Structure formats: structure tokens, C-alpha cells
Amino acid sequence: MGLLKPLMERNFLEYASYVIMDRAIPDLRDGCKPVQRRILHTLHEMHDGKFHKVANVIGECMKLHPHGDASIGDALVVLANKEYFIEKQGNFGNVLTGHDAAAPRYTECRLTSLAVETLFNPALTEYIPSYDGRRKEPRELPAKVPVLLMLGAEGIAVGMSTTILPHNFIELLEAQIAILRDSPYSLAPDFLQGGSIDVSEYADGQGKIRIRARMEKVSGAQKLVVREVPYSTTTAGLIASIESAVQKGKVSVSTISDFTTDKVEIELHLSRGADAEAVIDQLYAHTDCEVSINSNIVVIRNDRPVEITVSDYLKEFTGILKKQIKAELEHELEQLENRRHWLTLEQIFIENRVYKLIEKAATEESVRKHVLDGMKPFKKLFVRAMTDEDVTRLLDLRIRRISAYDIKKNRGEIDDIVAAIRQVNAKLRNLTKTTIGWLTGLADKYRELYPRRTEIETFHTVDKVAVAKANIRLSYDRDAGYFGSSVRGSEYVMNVTEYDRILVVTADGTYRIMAPTEKAWMPGPILHASIWDAQKGAHFVLVYLDADRAAWAKRVHIERFITNKTYPLVKEGSVGIQFLTESKNPGKLELKMVPAKRQKVKAVTVDLNKVPACGLTARGTKLTSKPVQSAALVGAASAPSGNGKLSAGASNGKPAASAEPEQAELFAASPAAAPTAKAPKAGKGPAKKARKAARPRKAAKHSKPAKPAKKADAGGLLNRAAQMRKNGK
């Protein structure tokens, strides 16, 4: 392990550096990845104005690129489909439909005039050895246009990735002119596919954009036509996303027809009764008719990956462009000076017949000396000092050149060179103006060839929840205990959308807020089920029994939750909820006690309107200390024994409202729900008195009217008992 760890660390670091530098991340200077740079350099080496077989180009490029023909061919097709630097002939695929390109042996390509004019200058290019050392390749192309933002790029390296969106060529040139003039400017991505974009969150290349397909309504017909697709999608992918949304019931489209050729044309026939504007919103919300793309500009600068913005890159590249133009002008000036120097030497050598002096020389050394001596009197006319190389060139002049020498033509050419030198020096003295002039001329030349294709808009935000269709039917089967879309029950039936959340309260004293589910088992009978209102939450008044069947009341407000998590409404060990309502003022509740020996208080009436609010985890307000048998709202019809509905459900997709008439059968003790109270022995206690009272009796002749039964008063009984103990009775 001690030897393996440093080996793995070193190898992984080398691998990560290689992927970042030589594979995935483009260079800031020329905007190219290594494979793109090698393809363009190969095409420039092969350039003769004619088309070349792509297979031949790949073969030549393999001498520089070590990763095989497939990677070169794929990169060449992508680069050609950008339509800036490679002119294509044949089937290079279709970026609109996603169709692949033909085999390389069937396609041809060559450099465009823009590439020849702006990407290459061998005299100012630094070359490095290729991967096998047999050839030379450019370290970086001397590009004079912002290739990085023209082409865009995507790449995934080790620990980083880059997503650079393409921009319009003419707008980039105009932005560079604005930078040189210190004027404001703005830039937005532009895509070959067209469409429309919202750049309100672009954040200078560090945010995101939203792209939409361009659709139009057909007047007099239930039909929409897609004319342009968003960047990063194809017609096949777009149709697949629409079909998926239609199958899920999210989009009201009945038929899809694709008539795309070199232009996009997808016909969408709407469902009967569907509104075109509503369907457009549905398409934007649920299909690839609208996509979001995050921009993250990571490039190689000075052999290191850096993250920059669009404006930072363009400012830096504009500075590079000025240096490049300066270097080209200086190189041109040097060439002009060299040409002027030679023409001057040639003029002096021929017009003054210096060549006659070499007739007296016997050796090569003396010949060269006679030439130098013969040219020396005209030293003031030299452009620069004469060298041995100049002497060699003069001696290489042929007799035909000397005899046919045209003095007037030579002097005219020298005058032209002098004028050209003055122009170059003037450009160098005002480099900013020279750069602006070059950019303006380039923009005017290619303006019609590269118009903006993507329209900039500010989108209205489509609320997916608002446009979603309530096409999921939920119901509850009490016998099976399941709730969901695949359950065929008759209770709590509701139609919901995929974005709705359902609040379900069960008799075991728990609640959960759940997403629409296919089938979920409930731990107890459902007391309440409704669509969750995130703004208002849910208010409940409930009565539950603890482990001793003593009654407690709570007024709670549910407002926070984690989806599909079960929460308790009552303390652990409680029997469960016996009464539940959403009404803020449910009224009075009568609690009947479990019959017991010598029991005097048989029922207690409580006012639920006065129950104070408490937390969800609080115990609540204690109503009785004795076990409770049943509960019913005062004034409601008497409830039969057995399990009854405890809360009205929702059947139309709206939150369930409190249904007081149904609360008449609120509770009856269930053997399954709680331990049954021990019944008294036969013949004794209240049961015996009840049977005796039920026997028929003969009416007395002069019977007195029965006295009204005294109302059970728990407080009065306790007070009398305390008084008796005080008196010693």
C-alpha cells in the first residue's frame, strides 16, 4: 500500500491534467480544443481552394492526433455544422432532426474564406512537436476572431466542466468595437436552430437561459405548428417529449405529424375542445418546447483552467487582437523594408554597372570584395547595412535579368513600397483606430451571411401547477385499508394533479401529507383526506382517548411537513382520535362514560369552542379522568353503535369541509381500538336495576307524578363529600 499510493496519486494527477489540458477544455487564445485545432491546421496545410475527401482529412489529421479516426471524424462534423470555418459538401447530418452524417468516404470539405482570412498566419505561429515527434503542430492558432464565443463548447474534465453557449458573430465584432470605444454593449447567445430565448438570468455567462420553440397557431383549425426547435434538442427528441406528456395526460394533443425537411415543421392537432393558448402553456411547462441551459465558462489561460465571464473574455481577447494586428503590421513592415532594401541594392548594382568590376577578379573572395567595394560609394542610399547574404543575392543575378532590367519600373516599385511603409507606420501609430477599422470591415463583409437567428424575448413564466390537468383519481377502500390512484374505492374520491399534495388523517392518531400515490396502506381508518393548501395549512379540533381512555381535546394548526412522512397528532400509547373536525366552532360534545359499579356521573358535556390552541406534539386539554365510552355532538341525531364516519371526506378534489350532520355518529368504542371495560356480574349493580326498571308495572290509582331526575353534577357531589368528611359523618 505504501508503494501503491504515491503511484496512484502521480498517475491520477497526470491523467487529470491531460484530460483538462488536452481533451475537454478549450483554450482562451484560439477557442479550440486540441482536436479542433489539429483539424483546422490540417485543412490549412491541405488547402488549395478545392474540396477534400473527409476520409483524407482524417487520415492526415491522425498524424497529429493520437486518439483515432472516430474522434477526429465526429469533431470535424460538429465543427462543420457550426458553419463558420468549414465548408461542407455531402451529408453531414442534420442538427434539426438529429440524423447522423454519412461515412467520411462520401463527404468532402474545405476551409471557408472566413477561416483562411482570420485563423492562420504561419509566420506568427508558434509550433511544437506532435505526439510522436515526427511533425510540427501549432501551440495555438493566431485567431483574430473570438472563436470561443462563436462556436460555443461543452466539455467534462476531471473535477470540472464547461458549458459555453454560441453567440452571433456580427454582434461579437460590434461588441469588440464598443470595447475599444469604451461604449456600453450587451451580448446574448444565438443558436443555429433559431427559437426564442429569455436572457434575464444569463448573468454575463454565469447564469442560465431559457429557450423556447417557435410555434404558431393555424387560424380556423385546432392545430399548432412548431417552426423552430430549442437549442440542444432535435425534432425527434421534441416529439418524444410531447408524446410522453400526452400519454401522462399533461398536454391536450391528439395527433402529431412531422413534415420536417431542411426546415422544421411539426403539426400538433389539439384535442376536441382544447384551447390553443392553454395547450401552448402546457407544452412549455411539460415538454422540451422549453428548456433551460446553465452557462459555465471554463477555459485554459496560460496553461491553467480559469472561470471567466463573457465580458471578461471579450475584453481580454480584444487586447489579444490588438497585439495580433500590431504583430502583423510589424511583420508586414519588415517585409516591405526588406523588399525596398533589395530593390535599392539591385538598382545600384545594375544602374552603376558594379557587376563590371567582377570581371577583373580571379577568385571568389576577390569577387565578393569587388562587389562590396563597388557598392560602398552608394552607402547613403542603402536602407540598411549590406550583408554577405546581400552580396550572394547580387552575384546570383542572371545576365537576362541584368540585360532586361527596367529602371523606370524598378523606381516605380520602390515608390510604391515607400508609400506602403508610410501607411503601415500610420496604422501602428493609431493601433486602436486600426483595430476598429479592421473589425468594421470584417463585420460589413459577413453581415448578410451570419444574421441573428434566435429572437430575444422576456418570457411569461408558465406555472406548471396552474396548467397541470387534474387527471389522477384517488379513492379509499375502507375494507382493504388502501388509498391511491389504483384503488377502486367509494370514499374520499378526488381528482388531483401530479403537483398536488394530499393531507390524510387516520384514526390511529397520525397524519401525513403525501404526493399522489398509486397505492398506499393506511395504518387506521381515514378520518380526513383533502388537497393540501400550502398557504393556509389545516386547522383541526380533535378529541382523543389516552391509554386509560380518558378524554383529551386539542386545537391544532398543521403548516410544516416533509412529504410522505408520518407525524403523530396524539401522545404515544393513546387509543386514537375519537372526534375530528375542521370547524373552528364545532359546538358542544357529550362524552358518555364507561358504565361502572356505583357510578353516578354518566356523561359530561364540554364546549369545544373554548378548547385552546396548542402545538402538534402537546398533550392538550384534559376533559375527563374516567374512561369514556362514546361521544356525540349535542343536538345531533343519536348515533348507532359501531364504527361510524368521524370526518367528512373530499370527493371533488377540493379540501374537505366540516360536515356537522355526519358527526352525529362520531364515536362508539371498538374492541379493536381499545380494551373493553369489564362488565358487571349478572344480577348485580346497574344492569340488574335496569332490567327491573324495564319490567311492566301496574299503574297506581293515585300515583304521584315522577320527580324530575337530578342533573349529574360532578362538582356538587365532590363538594358534598368534602362537607360530610368535615362534619365527621
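Summary of computed values
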quantity	calculated
Hits in the stretch 1-36 (condition: in a loop (DSSP other than H, G, I, E, B), loosely packed, with under 11 Cβ neighbours inside 10 Å and of a type in the set (A, V, I, L, M, F, W, C))	M1, L3
The lone exception for T261 - which of (1) assigned to a helix (DSSP H, G or I); (2) free of Cβ contacts under 8 Å to residues at least 24 places away in the same chain; (3) under 30 Å from E154 (Cβ atoms) it fails	(1)
Residues (more than 22 Å from K536 (Cα to Cα) and surrounded by 20 or more Cβ atoms within 10 Å (Cβ to Cβ)) located in the stretch 488-507	A507
Per-region count, the stretch 388-436, residues under 30 Å from I170 (Cβ atoms), out of contact with any helix residue (DSSP H, G or I) (no Cβ under 7 Å at 6 or more places or on another chain) and of a type in the set (D, E, K, R)	2
Any hit, the stretch 446-463, residues being in a helix (DSSP H, G or I) and within 24 Å of V116 (Cα to Cα)	yes
One residue from R555, R478, R501 being out of contact with any His (no Cβ under 6 Å at 6 or more places or on another chain), charged (D, E, K, R) and either under 19 Å from V465 (Cβ atoms) or not assigned by TED's automatic domain parsing to the domain that holds P595 (or both)	R501
Residue tally, condition of a type in the set (A, V, I, L, M) and not in a strand (DSSP E or B), over the stretch 509-547	4
From S241, S219, residue being more than 30 Å from K433 (Cβ to Cβ) and surrounded by 14 or more Cβ atoms within 10 Å (Cβ to Cβ)	S241
Residues within the stretch 131-145 that are in contact with a Ser or Thr (Cβ under 6 Å, 6 or more places away or on another chain) and basic (K, R), tallied	1
Test result for G441, under 30 Å from A143 (Cβ atoms), part of a helix (DSSP H, G or I) and small (G, A, S)	yes
Residue match in the stretch 158-165 (condition: of a type outside the set (S, T, Y), outside any strand (DSSP E or B) and either surrounded by 19 or more Cβ atoms within 10 Å (Cβ to Cβ) or modelled with pLDDT of 95 or more (or both))	yes
Members of the stretch 548-595 that are surrounded by fewer than 16 Cβ atoms within 10 Å (Cβ to Cβ), part of a loop (DSSP other than H, G, I, E, B) and at negative phi	D548, E559, R560, I562, T563, K565, K571, E572, K584, N585
Unique match (being among the charged types (D, E, K, R) and touching a strand residue (DSSP E or B) at 6+ places or on another chain (Cβ under 9 Å)) among D533, D548	D533
Residue in the stretch 45-61 that is surrounded by 15 or more Cβ atoms within 10 Å (Cβ to Cβ) and at positive phi present	no
Helices (runs of 4 or more DSSP H) wholly inside the stretch 49-136 that include at least 1 residues being over 21 Å from C32 (Cα atoms) and without any contact (Cβ under 8 Å) to a residue 40 or more places away in the chain	54-61
Cβ-Cβ under 8 Å pairs, at least 6 apart or on other chains, the stretch 393-418 side assigned by TED's automatic domain parsing to the domain that holds E332, far side polar (S, T, N, Q)	I407/Q347; N410/Q347; R411/Q347; I414/T344; I414/Q347
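Residue-wise test of (1) surrounded by 14 or more Cβ atoms within 10 Å (Cβ to Cβ); (2) touching a Phe, Trp or Tyr at 6+ places or on another chain (Cβ under 7 Å); (3) in a loop (DSSP other than H, G, I, E, B); (4) polar (S, T, N, Q).
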| position | (1), (2), (3), (4) |
| --- | --- |
| I350 | yes, yes, no, no |
| L357 | yes, no, no, no |
| A362 | no, no, yes, no |
| E365 | no, no, no, no |
| R368 | yes, no, no, no |
| K376 | no, no, no, no |
| K380 | no, no, no, no |
| A385 | no, no, yes, no |
| R401 | no, no, no, no |
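The values are calculated or read from the model by the stated rules, or taken from the named source; none is laboratory data. Computed from a prediction, not measured in an experiment: that's the story for all the values here. Cβ coordinates were reconstructed from backbone atoms using ideal geometry, including for glycine residues, and neighbour counts include every protein chain displayed.
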